[in-house]
Amino acid sequence: MKKSYYAIIPAFVRYDQTLTPNAKLLYGEITALCNEKGFCFARNKYFADLYNVKTRSITDWIGQLKTAGYIKLKMTYKENSKEIESREMYITNFLEVVKKNAPPIENIHQDNIYNNINNNTLEYKKEKYSEMVLKSFKPICELFPIQTQPKTQADKKAWIDCIDKLERLDGYSPRKVYYIASKVRGDEFWRNNFLTILKLRKKNKDGIKYINLFEAKFGKQLKQMKL
């Protein structure tokens with residue numbers, strides 16, 4: 001019987017070029033099964049029957065996910081034997097994945113991510129952005145994994161434009177944006193699915209902007225704060 005739990009395939013898995021499309025699909029299936037008990041105990045034959053493939057294909061896909069650090073395996077062996085009695089698969093915490101795949105600190109020019117906000121190609125925008133928007137850019141960026149932070153001038157411009165529009169058009173001060181984004185990034189589900197500030201001005205399938213959705217879900221204390 002096929003499970004009806006929802007599957008999650010976060011962006012860092014969907015766009016991982018080291019994984020085959022089927023390995024990504026299997027990751028989603030594993031997340032669905034993990035929703036029940038926090039881990040997945042299904043055997044390779046279960047997945048092979050589910051997707052009508054050979055068990056060695058499943059073994060290969062699981063190997064890809066394990067090598068990439070997206071899942072962990074816990075084996076239980078029969079007493080006095082190397083024969084596997086059961087296997088539990090766990091979805092790796094997102095922060096562990098980021099730590100595993102992040103480049104060495106000495107190779108990360110962190111300052112370069114934020115440099116030139118007030119000069120070079122963004123100099124002509126200086127008068128357009130409020131001082132608070134400019135000051136909030138770096139702290140807001142640092143809420144997100146290094147891999148998804150803006151690095152090119154085009155990316156930086158898109159992020160700061162978004163913060164600016166959230167203030168001017170949507171009525172969210174940069175401080176409020178920072179507070180909401182930090183709450184969302186701290187959520188177990190959303191930290192895997194909220195990887196860019198640009199998402200805040202996009203709409204979900206019901207036509208509601210994510211900034212409004214997140215404020216309703218995570219902003220209970222906003223009214224008590226001077227933001």
Provide, in order from the shortest bin, the percent of all Cα-Cα pairs of the stretch 11-101 in each 5 Å bin, continuing until the bin that contains the maximum pair distance.
-> 3, 13, 24, 25, 19, 10, 4, 1, 0
Ranked by how many other beta carbons lie within 10 Å on average, peptides 28-38, 200-210 from highest | 28-38, 200-210
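None of the figures in this text is laboratory data; all of them are computed from the coordinates on show. Given the structure is predicted, the values throughout are model-derived calculations rather than measurements. We place every Cβ from the backbone using ideal geometry, glycine too, and count neighbours over all the protein chains shown.
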